[in-house]
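The structure appears below as structure tokens.
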Amino acid sequence: MGRLADAELRELRIFLTLAEELHFGRTAERLGVSQSSVSESIRLLERRIGTRLFERTSRRVSLTPDGTDLRLKLAPIVENLDRTLSEAHDNATQISGTVRIGTTVTTSLPPVYALGQTFLETYPRCRVSYGMVDIGDPYGRLRRGAIDVLINWLAVDEPDLTAGPAIAFYDRVVAVHHGHRLAGRASVSVEELADETVGQPAPPFPASITDALLPPRTPSGRPIRRRVLTGNDPPDGSYLPSVIAAITRGEIVHMTVRGLTAFGFGALALVPISDLPPLPLGLIWRTAAEDAKIRALAELARCEGPWATDGS
């Protein structure tokens, strides 16, 4: 014997409709299913509960006392469920307008666009636009109101900004030139990087992101030497060309994340860092500008979906 708790909603709807119509043919027509499907659903529901719900003869269908009792108890439950689902649908369809999402050259990654596509499918009255922000000043356009949400590394220490949910986690690697002593290694400890010089973006790049990407010290307390890369950055503030050139010349190594080969690290050796946690990529917005669209996007991001990845 099964349990009513195991019953599918489809079976319960068929039961309630048949309890109204008291006719298998009319029930099937009303629900747009076959008569045999109605019969099978009722038989299955009766097996789950362990009692007959209908008396069937060649001339008429009627509810048994157990069927009548179930109908009285079940009808308001299904009605309330339908109302709840309808309200949820109405709330979704009432959210409208454009959500402007900003990314940097290093965070314009597949999970961003997978989340955006799911948002469009969930909220059909909304639109999504994407824009690039200055990697050296990622919060500038957010604070000016030019974008609604920034998707960036979740290392936020800004009182006016809200750090929302992560949508992906990226494993840590160190980029070195192919002739470097670490190039052939299966992995490297962050302790060993204290013997190297790492590249660091110049201000106004946020210090909290710098420290998340490039820890100032190893777990044992050894300082990690940083070299600020200035002087030949392109106008958008991206320091990547300076980083790549300095790595190629053997002047620095660069602590970064797996998955950024499309942005110029393909010609370099990427060695996994064994003892740094993955770096979270997620939503950031101006707290005072939070609205229904931002909340809806953030709530969707909290649900693991096709955008979720470990970056590998």
Test Ser312 against the stated conditions and say whether it is modelled with pLDDT of 90 or more, surrounded by fewer than 19 Cβ atoms within 10 Å (Cβ to Cβ), polar (S, T, N, Q) and outside the structural domain of Val149 (by TED's automatic domain parsing).
no
Apart from one, (1) in the same structural domain as Ile284 (by TED's automatic domain parsing); (2) in contact with a helix residue (DSSP H, G or I) (Cβ under 9 Å, 6 or more places away or on another chain); (3) buried (at least 20 other Cβ atoms within 10 Å of the Cβ) all hold for Gly199; the odd one out is (1)
Those residues of segment 156-181 which are loosely packed, with under 15 Cβ neighbours inside 10 Å and in contact with a strand residue (DSSP E or B) (Cβ under 8 Å, 6 or more places away or on another chain) amount to Asp160, His178
Cβ pairs under 8 Å, 6+ apart or interchain, first in segment 40-57 and of a type in the set (S, T, N, Q), second not in a loop (DSSP other than H, G, I, E, B), ordered by first then second residue, are Ser41/Arg10; Ser41/Glu11; Ser41/Ile14; Ser41/Phe15; Thr51/Asp66
Pro111: passes all of (1) at pLDDT 95 or above; (2) touching a Ser or Thr at 6+ places or on another chain (Cβ under 9 Å); (3) surrounded by 14 or more Cβ atoms within 10 Å (Cβ to Cβ) but (1)
Note: among Asp137, Asp171, Asp160, Asp195, just one is within 20 Å of the chain's Cα centre (by Cα) and charged (D, E, K, R), namely Asp171
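The values are calculated or read from the model by the stated rules, or taken from the named source; none is laboratory data. Since we're looking at a predicted model, the values are computed, not measured. Cβ coordinates were reconstructed from backbone atoms using ideal geometry, including for glycine residues, and neighbour counts include every protein chain displayed.
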